[in-house]
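Report on the structure given below.
Every number in this text was worked out from the coordinates using simple rules, so none of it is lab data. Everything numeric in this text was worked out from a predicted model, so none of it was measured. So basically every Cβ, Gly included, is an ideal-geometry build from the backbone, and we count neighbours across all protein chains shown.
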Amino acid sequence: MDVKPGAVAAGGDAAAGLISSPNWITSRLDDLVNWSRANSLWPMPFFPACCAIEFMATAASRYDISRFGMERLGYTPRQADVLICAGRVPFKLAPMLRRIWDQMPQPKWCISVGACASSGGIFDTYAMVQGIDAIIPVDVYIPGCPPRPEGILYGIMLLQKKIKGESILDPTLRVEQLPDERGMFLRPAAVDELSEPFGNSVHQTRSA
Amino acid sequence: MNGASPNPSAAALQARFGGAIVGASVSCGDTIVVVARERAHEILRWLKETPGEAYDYLVDVTAVEYRDRERPLEVVYQLWSLPRRVFLRLKVELPKQEPLAVDSVVDLWRGADWLEREVYDMFGIAFRGHPDLRRILMWDGYAEGHPLRKDFPLRGRFSRAEQVRQALTKTPEAHHSVEELAVAEAFQQLSNDARQKLERAGGPGGA
Ligand code: SF4
């Protein structure tokens, strides 16, 4: 759904006023679009580590994510809506994660499953990305090491809730993020701040 | 299995190489022989090829750096004799004042290839004569040093932002290429019958 309010308004007819500002028709359309998107999320599983096991349990019959319209795991980024990153991401894997995200067509969302994907978890080391939000934008963080399937389901429901609050009139939602001249997607200071240790690990020393 | 008595190979080494044997000890039932760096390759070859020793399987090559900064680094070879079913551990000491280098044993055991690359990657120890001494766990061009050295900070030397930048700007294809993963060049090293079988099936040689 590619709606450019400016382009439509240039037409200068009644249709322009119809969808360039929120009204009864667009909010009904939002409801319909968001309802169908939220209930047919196709996940792209990106499973570098142990949290993946919990997602497998979530996908299997006991917890059964097909209740959420999600049983079709993509395994190809080109036919997926939500990237589910379950596990720690080492720096060596960071460009692959970014590339998979870039290959996914809009609309797309991202769920970060577990402490490691969200913050680096116990791996506050030279090898590990301290939270995949330094690499790709994340919509829902699920805490836990690993989170239980109930936690993952709750995260999925939060994402559905978020999707149901979106509007086709918001031009900022579906914008692809491009790398800056340094090849990064966030300011270095923002990456440093996101990567700061928290909780117990602030008491660790910065040296070896 | 050996109990606390030393593996007889230690005495045999002592008799054969004398001055090249720096020391021998038994720890947790395993015999550990420390040998001189210059003759390590020769000693390993002897252990592998002498019928009475027959340590034909190289279980692991690894390295140790002790917290005591005065102590030398050690390269550790864990050997196993398949026919005789005995372990032997060989160590080579590398003082830190000298260049960290030791002769590669890839010519004796092909399996040492990646093991030595890992030691090089993590400790910066060069293996002379290694056919392809590159990093293996960290990527080529990793600029922060050798992570398992004691002077390496836990979180690396660069800021997190710089680490993310370096990670994002490298091209995965450059280091995870099809060529690197290809097995085509191993074809010539297969046994004759295996090669013929592959050729009949239209494998690398046939295609
Ligand atoms: S959060 Fe825990 S379970 Fe999940 S990847 Fe990290 S260590 Fe594994």
Notebook entry, point to check: Counting pairs of alpha carbon atoms under 8 Å apart in space and at least six apart in sequence, what relative contact order in percent does chain B give?
Noted result: 12 percent
Next item on the list: Based on alpha-carbon positions alone, could you give the equivalent ellipsoid semi-axes of segment B:8-137 from the gyration tensor, as √(5λ), descending, whole Å?
Entry: 22, 18, 13
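Rounded to the nearest 500 deg cm²/dmol, what is the calculated helix-only ellipticity per residue at 222 nm for chain A, with -39500 (n - 2.57) per DSSP H run of length n ≥ 4?
Working: 8 runs with 77 residues, N = 208.
So the calculated ellipticity at 222 nm is -10500 deg cm²/dmol.
Could you give the length gained on full extension between B:Gln14 and B:Phe187, defined as 0.36 nm per residue of separation minus the Cα-Cα distance, in nm? Intermediate results must be reported in sequence, preceding the final value.
Numbers: separation 173, 0.36 × 173 = 62.28 nm, distance 4.10 nm.
So the chain would gain 58.2 nm between B:Gln14 and B:Phe187.
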Next item on the list: Describe numerically, in nm with one decimal, the distance between label points set 7 Å from Cα along Cα→Cβ at A:Ala190 and at A:Glu176.
Entry: 1.9 nm
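Taking beta carbons within 10 Å but only from partner chains, what does the mean come to for residues A:85-98?
On the way: counts 0, 0, 0, 0, 1, 4, 11, 9, 2, 7, 10, 2, 2, 3.
Mean partner shielding for this stretch: 4.
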Next item on the list: Report the calculated FRET efficiency for B:Phe158 and A:Met56 (r = Cβ-Cβ distance, R0 = 30 Å), to the nearest 0.05.
Entry: 0.25
Next item on the list: May I ask for the Kirkwood hydrodynamic radius of chain A, worked out over all distinct Cα pairs and given in angstroms to one decimal?
Entry: 18.6 Å
Notebook entry, point to check: For B:Asp68 and B:Leu198 in the same chain, what is the full-extension length gain: residue separation times 0.36 nm, less their Cα-Cα distance, in nm?
Noted result: 41.4 nm
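Given charges of +1 on the Cβ of Lys and Arg and -1 on the Cβ of Asp and Glu, with all other atoms neutral, how large is the dipole of segment B:8-137 about its Cα centre, in debye to the nearest 20? Could the numbers behind the result be given before it?
Numbers: 18 positive and 20 negative charges, 29 e Å.
With Lys and Arg at +1 and Asp and Glu at -1, about 140 debye.
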Item checked: Nonlocal Lys pairs with alpha-carbon distance under 28 Å, the protein assembly as shown (8 or more apart, or different chains) -> 15
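Sorted by average packing, counted as other Cβ atoms within 10 angstrom per residue and highest first, what order do A:134-142, A:49-57, B:43-51 take?
Details: A:134-142: 21.2, A:49-57: 18.9, B:43-51: 16.0.
Per-residue mean Cβ counts within 10 Å order the peptides as A:134-142, A:49-57, B:43-51.
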Note to self: Taking a cut-off of 27 Å, what percent of all Cα-Cα pairs in the protein assembly as shown are separated by more than that?
What the structure shows: 66 percent
